[in-house]
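Undergrad: Before we start, here is the structure in question, set down as structure tokens.
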Amino acid sequence: MSKSKDIKGKIIRGGVSMTLRQLLVAALSMVNVLVIARMLGPGLYGVVTIVLSIFYFLNQVCRFGLQVYLVRQPNLTDEEPIQIQAFYNFLGIAICAVLFCTAPLVGWWTKQQEVTYALQAILPALWMDMVSRVPTSMLERELSFDKVGLLEAVSKVVLYVSAIPLVLLGWGYWGPIIGTVLGYLVQLVMAYYYYPVPWRWRWQWKVVKPAINYGLTYSGSDAILNLRRLRLPLLVSRLGGTEVVGYISIAMRLAEQLAILRLVVRRMSISVMAKLVDKPDQTRNAISKGMTYQALLIGPICAAFSCTSAWLIPLMFSKEWLISAQIFPFIAVGVLVGAIFELHTSSLYAVGRNYEIAQRNAWYVGILWLATIIFLPIMGLWGYGLSEILALPTFYLLHTSIARLFGSPDYWDSFWITLVSTICMFAGVFLPPIAAVGVLVVSYGAIFIYCPGVRKIPLDIWAARKKVA
């Protein structure tokens, strides 16, 4: 078997494995959200959202991009993973100590003392994630996506299975916090079981420096993008209160879970696109097809939910959460457009154009924050939604970067799917559910009739499935 076929086989097998596990995690996550949000209500659920938003921001930023260096470095020495693990261990302990002391400031800013205690309690999970990055990244380097998917799926299952009983037993917002810590503990144990890395406490600057130099350029652009996570705890909580945070969080969670399959493409894209970037035609074709696949994976399901959200949200949560249906289309459109351009970002990372990504991310996050500050106090939830739409034109900067390197991808199929999906999503807000469903059926029917490229996708997927079999 040739090397290219072996790589393709690993990608397909890993992709199928990760897809199935992501679907399982998505189902459990929805159950988790249903139970916890219904039991806690918008106020306490807002507290959970504030803490987890800060945690996941730190979770991404504190990796410093070293995990990507481990995946992409062509001539990685045996010593580098060990040294990076030691560096993560030292840095994680130091960061957690500083954050423990500064957590009361966050509680004061958000006007919720519970935020202080919950944030301090979740910090061990931050350290656990950092030291588990090295074995997980080495598994990704070997294209062992099936093992990566398994350990991450199991950790999520542990999170949900432990959080829900604690909430039902009356532990309130502590349920998700404790569940998160336990989930990351399981992830740490499984990561070192699959790929043992010798444990050291001391690290050498000369070994770690190349990884830090690369990682900082990567994590700099990534950190800018992740600043959007802090809008809820730092802006919305202050300007709108914890209940508004809760309403927005449910809409965001629903959009993310409905678009869960985009995470498979995101996770695999850096490893895969790094092997194609020296072939401009293949890279451009991969981006063109990837955009259409992402749009078709996310757009219809989000549109269908939006059209029926007036029925589903009261049934799933309660009538007090119905206001989340109004903000859902804005957030879902942002998720859809972001997913379509994920292969653009992965390709630019693969060729080292981190500065261009950072520049685009700065514009994107800057518009999000500025629009939120201006419109949230005036328009409430609609103002938050408007900020999501106003930031979308910044994706054009990613297009210009890709076009200079590989030529312009073909956007037409993904454009039509996105346009129809957006119309259907907002039909769910302004029309009765029955009329909105009618718009949904007619719109997507027209796409499959008049767009041969979209109609061909199910046939391509079926053909790929037969080859794998």
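The values are calculated or read from the model by the stated rules, or taken from the named source; none is laboratory data. What you see is a predicted model; the values in this text were computed from it and never measured. Positions of Cβ are generated from backbone atoms using ideal geometry, with glycine treated the same way; all protein chains shown enter the neighbour counts. Ligands, DNA and RNA are stripped out before the accessible areas are found, and what is left, the full protein with its side chains, is counted by its heavy atoms. Shrake-Rupley method; radii C 1.70, N 1.55, O 1.52, S 1.80 Å.
Undergrad: Specify which of the listed residues (Gln67, Gln73) is open to solvent by 10 Å² or more (accessible area, probe 1.4 Å) and modelled with pLDDT under 75. Please lay out each step first, then the result.
TA: On the way: Gln67 fails: modelled with pLDDT under 75.
Testing whether each residue is open to solvent by 10 Å² or more (accessible area, probe 1.4 Å) and modelled with pLDDT under 75 leaves just Gln73.
Undergrad: Of (1) of a type in the set (Val, Ile, Thr); (2) closer than 27 Å to Leu254 by Cβ; (3) touching a helix residue (DSSP H, G or I) at 6+ places or on another chain (Cβ under 9 Å), Ile357 satisfies all except one. Which?
TA: Every listed condition holds for Ile357 apart from (2).
Listed here are the residues, each with its yes/no results for (1) assigned to a helix (DSSP H, G or I); (2) under 19 Å from Pro300 (Cβ atoms); (3) of a type in the set (Asp, Glu); (4) at pLDDT below 80.
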{"position": "Val236", "(1), (2), (3), (4)": "yes, no, no, no"}
{"position": "Val245", "(1), (2), (3), (4)": "yes, no, no, no"}
{"position": "Leu263", "(1), (2), (3), (4)": "yes, yes, no, yes"}
{"position": "Ile270", "(1), (2), (3), (4)": "yes, no, no, yes"}
{"position": "Thr283", "(1), (2), (3), (4)": "yes, no, no, yes"}
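Undergrad: Just for region 370-385: of the residues that are touching a Ser or Thr at 6+ places or on another chain (Cβ under 9 Å), under 20 Å from Leu225 (Cβ atoms) and free of Cβ contacts under 8 Å to residues at least 60 places away in the same chain, which one is surrounded by the fewest Cβ atoms within 10 Å (Cβ to Cβ)?
TA: Looking at the filtered set, the residue picked out is Leu370.
Undergrad: Being open to solvent by 10 Å² or more (accessible area, probe 1.4 Å), more than 30 Å from Phe375 (Cβ to Cβ) and part of a helix (DSSP H, G or I) is true for just one of Val197, Val148, Val181. Which residue is that? Full working, then the answer.
TA: On the way: Val197 fails: part of a helix (DSSP H, G or I); Val148 fails: open to solvent by 10 Å² or more (accessible area, probe 1.4 Å).
It is Val181.
Undergrad: Within region 41-50, identify whether any single residue is modelled with pLDDT of 80 or more and polar (S, T, N, Q), and answer yes or no. I'd like the intermediate steps shown before the answer.
TA: Taking region 41-50 and keeping what is modelled with pLDDT of 80 or more, we get 41-50.
Now narrow it down to the ones that are polar (S, T, N, Q): 49.
Yes, region 41-50 has at least one match.
Undergrad: In addition: Every residue in region 297-325 that is closer than 18 Å to Leu431 by Cα, of a type outside the set (Val, Ile, Thr), in a helix (DSSP H, G or I) and more than 22 Å from the chain's Cα centre (by Cα), please.
TA: Scanning region 297-325 gives Cys307, Ser309, Ala310, Trp311, Leu312, Pro314.
Undergrad: If you check Tyr195, Tyr160, Tyr184, which single one turns out to be over 23 Å from the mean Cα position of the chain (by Cα) and touching a residue at least 24 places away in the same chain (Cβ under 8 Å)?
TA: Values: Tyr160 fails: over 23 Å from the mean Cα position of the chain (by Cα); Tyr184 fails: over 23 Å from the mean Cα position of the chain (by Cα).
On inspection, the qualifying residue turns out to be Tyr195.
Undergrad: Still on this structure: Of these, Tyr56, Tyr88, which one is modelled with pLDDT of 85 or more, more than 19 Å from Glu142 (Cα to Cα) and surrounded by fewer than 17 Cβ atoms within 10 Å (Cβ to Cβ)?
TA: Numbers: Tyr88 fails: surrounded by fewer than 17 Cβ atoms within 10 Å (Cβ to Cβ).
Result: Tyr56 is the single residue among Tyr56, Tyr88 that is modelled with pLDDT of 85 or more, more than 19 Å from Glu142 (Cα to Cα) and surrounded by fewer than 17 Cβ atoms within 10 Å (Cβ to Cβ).
Undergrad: Counting just the residues of region 386-408 that are closer than 15 Å to Ile340 by Cβ and not in a helix (DSSP H, G or I), which one comes out most open to solvent (accessible area, probe 1.4 Å)?
TA: Per the stated criteria, the residue is Ser408.
Undergrad: Separate question: Any chance you could count how many residues in region 59-115 are of a type in the set (Gly, Ala, Ser) and touching a residue at least 60 places away in the same chain (Cβ under 8 Å)? Break it down into steps so the answer makes sense when it comes.
TA: Looking only at region 59-115, we keep the residues that are of a type in the set (Gly, Ala, Ser), and these are 65, 86, 92, 94, 97, 103, 107.
Those still in the list that are touching a residue at least 60 places away in the same chain (Cβ under 8 Å) too: 65, 86.
Residues in region 59-115 being of a type in the set (Gly, Ala, Ser) and touching a residue at least 60 places away in the same chain (Cβ under 8 Å): 2 in total.
Undergrad: Looking at Leu381, Leu392, Leu431, Leu440 in this structure, which one is within 21 Å of the chain's Cα centre (by Cα) and modelled with pLDDT of 85 or more?
TA: Numbers: Leu381 fails: within 21 Å of the chain's Cα centre (by Cα); Leu431 fails: within 21 Å of the chain's Cα centre (by Cα); Leu440 fails: within 21 Å of the chain's Cα centre (by Cα).
On inspection, the qualifying residue turns out to be Leu392.
Undergrad: Related question: Can you report the number of residues in region 341-369 which are within 23 Å of Val429 (Cβ to Cβ) and either open to solvent by 10 Å² or more (accessible area, probe 1.4 Å) or outside any helix (DSSP H, G or I) (or both)? First the steps, then the outcome.
TA: Of region 341-369, the ones within 23 Å of Val429 (Cβ to Cβ) are 367-368.
Now restrict to residues that are either open to solvent by 10 Å² or more (accessible area, probe 1.4 Å) or outside any helix (DSSP H, G or I) (or both): 367.
Residues in region 341-369 being within 23 Å of Val429 (Cβ to Cβ) and either open to solvent by 10 Å² or more (accessible area, probe 1.4 Å) or outside any helix (DSSP H, G or I) (or both): 1 in total.
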